1. Of all residues in the stretch 164-182, which are more than 19 Å from ASP130 (Cα to Cα) and buried (at least 23 other Cβ atoms within 10 Å of the Cβ)?
2. Quick one: which strands (runs of 3 or more DSSP E) sit completely within the stretch 331-412 and have at least 1 residues that are in contact with a Gly (Cβ under 7 Å, 6 or more places away or on another chain), among the basic types (Lys, Arg) and modelled with pLDDT of 95 or more?
3. Quick check: is even one residue across the stretch 346-361 closer than 24 Å to GLY256 by Cβ and touching a His at 6+ places or on another chain (Cβ under 6 Å)?
4. Out of all the residues in the stretch 225-254, which are of a type in the set (D, E, K, R) and either in contact with a Gly (Cβ under 9 Å, 6 or more places away or on another chain) or within 25 Å of TRP174 (Cα to Cα) (or both)?
5. Mind checking which pairs have a first residue in the stretch 130-155 that is farther than 21 Å from GLU185 by Cβ and a second that is part of a strand (DSSP E or B) and among the basic types (Lys, Arg), Cβ under 9 Å, 6 or more apart or different chains?
6. Could you say which residue among SER16, SER33, SER110 is at pLDDT below 95, surrounded by 15 or more Cβ atoms within 10 Å (Cβ to Cβ) and of a type in the set (S, T, N, Q)?
7. Just the residues that are surrounded by 23 or more Cβ atoms within 10 Å (Cβ to Cβ) and under 14 Å from ARG399 (Cα atoms), please, taken from the stretch 427-444.
8. Among the numbered criteria (1) under 23 Å from TRP174 (Cα atoms); (2) assigned to a strand (DSSP E or B), which one does THR72 miss?
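The values are calculated or read from the model by the stated rules, or taken from the named source; none is laboratory data. From a predicted model like this one, the values you see are computed outputs, not experimental measurements. In this analysis, Cβ positions are derived from the backbone assuming ideal geometry, glycine residues included, and neighbour counts consider all displayed protein chains.
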Amino acid sequence: MTMKLTRRSVLRWGLSLSAAAVARRAPAATGPSAAVAAAPIAIPFDMPGFKEPAFPDRTFAVTDFGARPGGTAMNTRAIAEAIAACARAGGGRVLVPAGVWRTGPIHLKSNVDLHVAEGAELRFSDRFDDYLPVVYMQRGGVRCYNYSPLIYARRCTNVAVTGAGTLNGQGQAWWPWKNRQPGMERLFAMGARQIPVEQRVFGTEADGVRPCFIQPIDCANVLLEDFTLINGPSWNIHPVTCENVTVRRVRVTTMGPNNDGIDPDSCRNVIVEDCFLDTGDDCICLKAGRNEDGWAVGKPCENVVVRRCRTRRGHGGIVFGSEMSAGIRNVLVHDCRFEGTQRGIRIKSLPGRGGAIENLWFRNLVMDGVGAAIHLTLRYARTPNDADAMPVFRNVHVRDLACTNARVAVEMLGLPGGDYIDNVTLDDVAIASVAGLQAEHVRRLRLTRVDLSPSKSPVMRLRDCRDVAIEQSKCPEGADVFLQVDGAASENIRLDEVDLSKAARGVVAGSDVPAGAVVTAPSRL
């Protein structure tokens, strides 16, 4: 079976619409959310107090402080002196002009815009000792003292990295640490035991705890705009416990292990727009701390807009978790295209994380060549932690999604014993795939005009799901089974205005399914 996309359906799913065209067709945002300019879709939550940084019209060229291009001279001190002078003057722009500039870590200060001009490359040192002394940072959802991130800011207001130049992390030197990282295990254990952060000190090759590329932590009004980032040591753009973060027109290309592209972590009021990502791990991933350390910080990741972004490869296009213990809420993702990722939309966690991922809206998404178009799982790790700290996914809404060449259309893998995946709606979704929809232990699932074309039967499989509505959908021609229902906990599964005429067997219920658990409108049998 295949899904035919006519010109009409292509236009319906937005495959050929430019971002500008979408913006022209859409209603304007109103209320506090109107601060986010040119939104193609009205934002369904407020972003109070959102603002981008502004900088005085002063320029401090790093060459005036002794920086030398060519890729051999170390310019760490010259860049630091330019930043210090800019901050003392009340702020402005620190200019890195065209050329190759070798440097160690760059520490930003309030009211400073580090501007990497077109034709400039900041080439970061591959000597580990250059990133000492250790600084306060966060790694894998747990706070510690470690090698400095390549670009770092702590407790700053109004900071930016801008310009059409390139940031080259030379992460190949750090990537082998993925296979020998005793420090990460020790860090997670310290977080679980709530060892004081001041005692969580790393920063040795024996520990093997890699730094992030860009990490503002505890900052307000952060702008990252226009640059190209390549070959980061680990997570690349990782703002932590920041407020008012904008990431715009950034390109991230890096294939190393754990090379996430953009990871807002316990941040409030975030916009990620018009970015391109080709990564060795998740492309855009929202996080909120890991287990006990996430609960101790207690800051959710909230009020996030992701729009007009595109991916080429990666583990997931837009991802949530698995570090999410303080919660993730109020997220809008729209007008994005995900190609070649292992998943399109992915929400992942496991027992022991706690927290809730809730109030998510996805609109106007196009996918091609993904492993799974939509993937929700509470089984991210094989070995669960404290089962008393159960995470919850709720209020997840997907509308206007078109996907071709997927391995799996939809996977929703909950756990028995509670409503851990609750209230998921899919509206106007068309997916061509090998396998169709599989949902286990999901409560309140509504599928409206969901047209799946899997090459393998059944089209949809539900196990131990309850309060499910399948509406105005149709079975693809040649399907053996449209809906397979299993599990003794199955309850209140209804089909309404579903055309089953092309299925050899419309609905098949397992022997353990209670009588009356599945109701199909008689007129559609």
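1. Listed by number, the list holds a single entry, GLY165.
2. Correct list: 341-348.
3. Yes.
4. GLU225, ASP226, GLU243, ARG251
5. Every condition considered, the pairs that remain are VAL135/ARG154.
6. None of the other options fit; the residue is SER33.
7. The answer is VAL429, ILE431.
8. Every condition holds for THR72 apart from (2).
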